[in-house]
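Since the structure comes first, as structure tokens, the remarks are kept for the end.
Every number in this text was worked out from the coordinates using simple rules, so none of it is lab data. Nothing here was measured: the structure is a model prediction, and the numbers come from that model. Neighbour counts run over all protein chains shown; Cβ positions are idealised from the backbone, glycine included.
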Amino acid sequence: MAVKILESHSVSPSSGAGGENTLPLLYFDIIWLDFLLVDSLRFYPLKCSQSHFLDTILVNLKHSLSLTLNHFLPLSSKIIFPLSSSATPVSRYTAGDSLSLTIATSDDDFSHVVSNRPKPAHDFHQLVPQMPAAVYSSDEIKFSPLAIQLTLFPNQGICIAFTLHHSICDATTLSAFIHTWASINRSNGGDHLLNQLPFYGRDSVQDSTKLTIAEWNKMKANRPTVSLTLPLPSDRVRATFHLTDPQIEKLKALAIIKKPSTGRPSTFVVACAYLWSCLAKSEVDNDNNNNNDETEYLSFAVNCRGRLNPPLPENYFGNCLIQLFAASSRARLKGNEGFVAAAEAVADAVKSAAKSSRVSEFYENRLEIFSKLNGKRVVWVVGSSKLDPYGVDYGWGRAVKFECAHTDSHRAVHLCKARKGGIDIGFSMPKPNMHSFASVFNEYLFINCNL
């Protein structure tokens, strides 16, 4: 794949907001300051020439983006990482701040790029934008929270890619921003049609003062991630696997029959459990399987806006997540009833998040929890079965493909609603491992679902 950069733009809120607007980063946000940047891509089939794209489509997208930033001001702001001990991190918008928008073209075959079959993982990294350079001073480090790249596949399609600094917001907030941008673009600038704008309130966030100070004291000795510095995954292929709605229902029924005490599992539980058990079955150990009693973990983040006391509205702007961990032995996951064992473990982990006290407990013990995972096998699941990345329509129809490129950097898997029902599971790994996983994934669907 050859990607050529055509133009670079800076897009500011159309209202030209004056003065300064400051939004404190709370403990939910601070923990992500030194985390890797998050890259997501959506692909749309669209037969248009480069000249039409630049003269018409791009003009409309820039205008609608500018209108959208009026409502999502922190995404065009700068994150301020203070170097003095008396200050805490904030998002600060100053008149003239803008979002970086890169325009590119690709000569690749669009139909190949959006297929589910394995493709070189490094190709996708050419489609994601680079963050603008951070600004360093004696008092602070100042950097952008979001960058966007539009890549045209002439007369084939368009990729819209986002690079996000996770400390500004989670997937729920980013999804709201993207849907709002698409809605305004689709309606030719009609932002009067919007019905759920971001809620920026910070005063009622549970245990905010205590936990924010505690997390900042842990974080301030570090430095934030401000650019993409990870090597490209030259030895990995990326593929997407699909669970249909009928397959999910049969897996739910299987879990209930085998383990009635677990109750009826959710779609998310079933998808995670099937993924986890297939990964365990498809891996070849280098120590003659002498470590089958070792505990393995599956970790995933849960939106806890509604779990706080008092609860926050779903349109709360920022991060509001806790990390959950399911545990099971390698032997159980690899066994004939590995899926059932995995479903029980994931369901138990989800149930543990029901109490509002679980949030405080996690953040008070977060470093200790993660330190216990050093050297352990952990499958990191990102995404959600509730968010719909394919439903974003800029006026050309729904997306035909969604990818999460940052999962290449560690043993992570992205899970989301599929375009036409069911669940999509996307990740990368070395080609021989991918072939082994695909064989297990399809074989056990046939055995367990007769499909």
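Here 380, 181 are placed in order of increasing Cβ neighbour count within 10 Å, fewest first, which gives 380, 181. For the chain, adding -39500 (n - 2.57) for each run of n ≥ 4 DSSP H residues and dividing by the number of residues yields -8500 deg cm²/dmol at 222 nm.
Among the DSSP beta bridges whose two residues both lie in the chain, what percent are antiparallel, rounded to the nearest 5? Don't skip to the answer; put the middle values down first.
Details: 65 of 81 bridges.
About 80 percent, rounded to the nearest 5.
The residues 22, 225, when put in order of fewest to most other Cβ atoms within 10 Å, stand as 22, 225. The mean of 1/r over all pairs of different alpha-carbon atoms in the range 236-449, once inverted, gives a Kirkwood hydrodynamic radius of 18.2 Å. Sorted ascending by nearby beta carbons within 10 Å, beginning with the fewest, 108, 29 become 108, 29.
Scaled against 2.2 N^0.38 Å for its residue count N, the alpha carbon radius of gyration of the range 23-168 is 1.20. Taking the square roots of five times each eigenvalue of the Cα gyration tensor of the range 120-237, the equivalent ellipsoid has semi-axes of 30, 25, 13 Å, listed largest first. Ignoring lysines fewer than eight residues from residue 210 along the same chain, the ones with Cα atoms less than 27 angstrom from its Cα are 78, 142, 218, 220, 351, 355, 372. Extent along the principal axes, Cα only, for the chain: 62, 54, 40 Å, with the longest axis given first.
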